[in-house]
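Colleague: Pasting a structure below so you can have a look.
The values are calculated or read from the model by the stated rules, or taken from the named source; none is laboratory data. Bear in mind that the values here come from a model prediction, so they are computed numbers and not experimental data. Here Cβ is always computed from backbone atoms with ideal geometry, including for glycine, and neighbour counts include all displayed protein chains. For the accessible areas, the whole protein counts, side chains as well, though only heavy atoms, and no ligand, DNA or RNA atoms are used. Shrake-Rupley method; radii C 1.70, N 1.55, O 1.52, S 1.80 Å.
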Amino acid sequence: MTEQEDPSIFQTNESDPVFDQQFSNISRWARLITTIGFGIGAFIVAGVLFNGAAIFREMAAAAPIKMTGLYGGLVVAFFIIFFIAAAVLYFLYKAANFLKTGVQQKDAASISEGFVYLNRFFIAMAVFSAISLLVNISTLL
Amino acid sequence: MNTGQEQQSSIPLDFYTKCKIITTSKTAGIAALLSIAGTLVSVLAFFLKPAPLPQPAKEGFSDNTAQLAAGGNLLMVIISLAISGLLFYNLFTFSRYAKKGLEQDDKGLLTRGLIALGAYFRILAVLAISFLGLLLMAILMTKMGGIG
C-alpha cells in the first residue's frame with residue numbers, strides 16, 4: 001500500500017467565503033486608492049501645465065536655502081517623485097486587477113500575479129521609507 | 001467547465017502562489033519596520049531639534065499666534081504618529097500571520113493576515129480621501145479669496 005501525502009488545506013475544495021472575501025476586500029480598497037491617486041495625479045499635471053513655472057518659481061523663492069540652479073533642481077525632483085509615485089500606483093492598480101480576476105475566476109495564477117505586483121508596491125514603499133528615514137536621521141545629526 | 005460546486009469552492013493556493021505570498025509578506029514586514037523607524041526618528045527630531053517658530057509677518061498678531069502654531073505642529077506630530085502606528089500594526093500583522101499561516105498550513109492564520117492587509121489598505125484609502133477633501137477645500141478657499 002503506498003503512502004499518500006495529505007493534501008494541503010489550501011488545496012481542498014471546501015468553501016471558505018471569509019478567506020475568499022479577503023482577496024476581494026484588498027482588491028476593492030487598493031482600487032479605490034489607485035483611483036484617488038490617479039485623480040490627484042491628473043490634477044497635479046493640469047496644475048503644472050497651466051501654472052507650473054510660477055509655482056516652481058514661488059517654491060524656489062520660499063526655500064530656506066538659496067542657491068543657483070534651485071529652480072531646475074525643484075523641477076527635476078518633482079518629475080522624479082511624480083514618476084516614482086505613478087509607478088507605485090500602477091503596481092497597486094495591477095495588483096488590484098489581478099486579485100479581482102483571481103477571486104472571480106478562482107484562479108491561483110492570477111492571485112499569485114497579484115501578489116507579485118503587491119510585492120513590487122511594498123518594495124517601492126520600503127525604498128520611500130528608507131529615503132525618508134535617512135533624511136530624518138540627517139536632520140537629527 | 002466549472003460546476004456549481006466548484007464555483008462555490010475556495011481559491012486553491014498552489015506552491016507558486018504560497019511562495020509569492022510569503023515573499024510579499026517579508027517585503028511588507030521590512031517596509032513596515034522602515035516606515036515606523038522613519039516616523040519615530042522624525043518625532044525624535046521634532047523634540048530634540050525643533051524648527052524655529054515662524055514669526056507673523058503682519059501687525060496685529062500676539063504671542064498667542066506663535067504658541068498656537070507650535071501647538072498645531074505638536075498635534076500634527078501626534079496624529080502622524082498615531083496613523084503610522086496603525087499602519088505599522090496592520091502591515092506587520094499581515095507579515096507575521098501570512099508567513100506563519102503558510103508555513104504551518106493554517107488557513108485561519110493566513111486569513112487573519114489578509115484581514116490585516118485589507119485594514120491597511122482601508123486606512124490608506126481613508127487617508128487618500130481625506131487628502132483629496134483637503135485639496136478641494138484649499139482650491140475652493142483660494143478661488144473664494146480670489147473672487148473676494
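Colleague: Please count how many residues of segment A:47-77 are closer than 22 Å to A:Ile131 by Cβ and open to solvent by 50 Å² or more (accessible area, probe 1.4 Å). Spell out how you get there, then give the answer.
Modeller: To start, the set of residues in segment A:47-77 that are closer than 22 Å to A:Ile131 by Cβ comprises A:56, A:59-60, A:63-65, A:67, A:69-70, A:72-77.
Keeping just the survivors that are open to solvent by 50 Å² or more (accessible area, probe 1.4 Å) gives A:59, A:64-65, A:67, A:69, A:76.
Looking only at that region, the number is 6.
To keep it simple, each residue is scored yes or no on (1) more than 9 Å from every other protein chain (Cβ to nearest Cβ); (2) open to solvent by less than 60 Å² (accessible area, probe 1.4 Å).
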residue: B:Gly85; (1), (2): yes, yes
residue: B:Asn90; (1), (2): yes, yes
residue: B:Arg96; (1), (2): yes, no
residue: B:Leu110; (1), (2): no, yes
residue: B:Ala116; (1), (2): yes, yes
residue: B:Arg122; (1), (2): no, no
residue: B:Leu140; (1), (2): yes, no
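Colleague: Within the bounds of segment A:106-124, is there any residue that is open to solvent by less than 40 Å² (accessible area, probe 1.4 Å) and at pLDDT below 90? Reasoning before the result, please.
Modeller: Here is the first cut: in segment A:106-124, the ones open to solvent by less than 40 Å² (accessible area, probe 1.4 Å) are A:108, A:110-112, A:114-119, A:121-122, A:124.
Then drop every residue that is not at pLDDT below 90, which leaves A:108.
Looking through segment A:106-124, at least one residue is open to solvent by less than 40 Å² (accessible area, probe 1.4 Å) and at pLDDT below 90.
Colleague: Let me ask another. So, of the residues in segment B:1-30 that are of a type in the set (A, V, I, L, M) and modelled with pLDDT of 90 or more, which turns out to be farthest from A:Gly102 (Cα to Cα)? It would help to see each step written out before you state the result.
Modeller: Restricting attention to segment B:1-30, the residues satisfying the condition of being of a type in the set (A, V, I, L, M) are B:1, B:11, B:13, B:21-22, B:28, B:30.
Add one more test, that the residue is modelled with pLDDT of 90 or more, and what stays is B:21-22, B:28, B:30.
Working: B:Ile21: 14, B:Ile22: 18, B:Ala28: 21, B:Ile30: 26 Å.
Only one residue tops the list, namely B:Ile30.
Colleague: Here's another thing I want to ask about it. For the subset of segment B:19-39 comprising residues that are more than 7 Å from every other protein chain (Cβ to nearest Cβ) and touching a residue at least 12 places away in the same chain (Cβ under 8 Å), which member is most open to solvent (accessible area, probe 1.4 Å)? If you could, list the steps in order and put the result at the bottom.
Modeller: First pass over segment B:19-39, keeping only residues more than 7 Å from every other protein chain (Cβ to nearest Cβ): B:19, B:22, B:25-26, B:29, B:32-33, B:36, B:39.
Pick out the ones that are also touching a residue at least 12 places away in the same chain (Cβ under 8 Å) and you get B:22, B:25-26, B:29, B:32-33, B:36, B:39.
On the way: B:Ile22: 37, B:Ser25: 0, B:Lys26: 108, B:Gly29: 6, B:Ala32: 2, B:Leu33: 91, B:Ile36: 31, B:Thr39: 18 Å².
Result: B:Lys26.
Colleague: A further question on this structure: Could you tell me how many of the residues in segment A:51-80 are over 27 Å from the mean Cα position of the chain (by Cα) and modelled with pLDDT of 85 or more?
Modeller: 0
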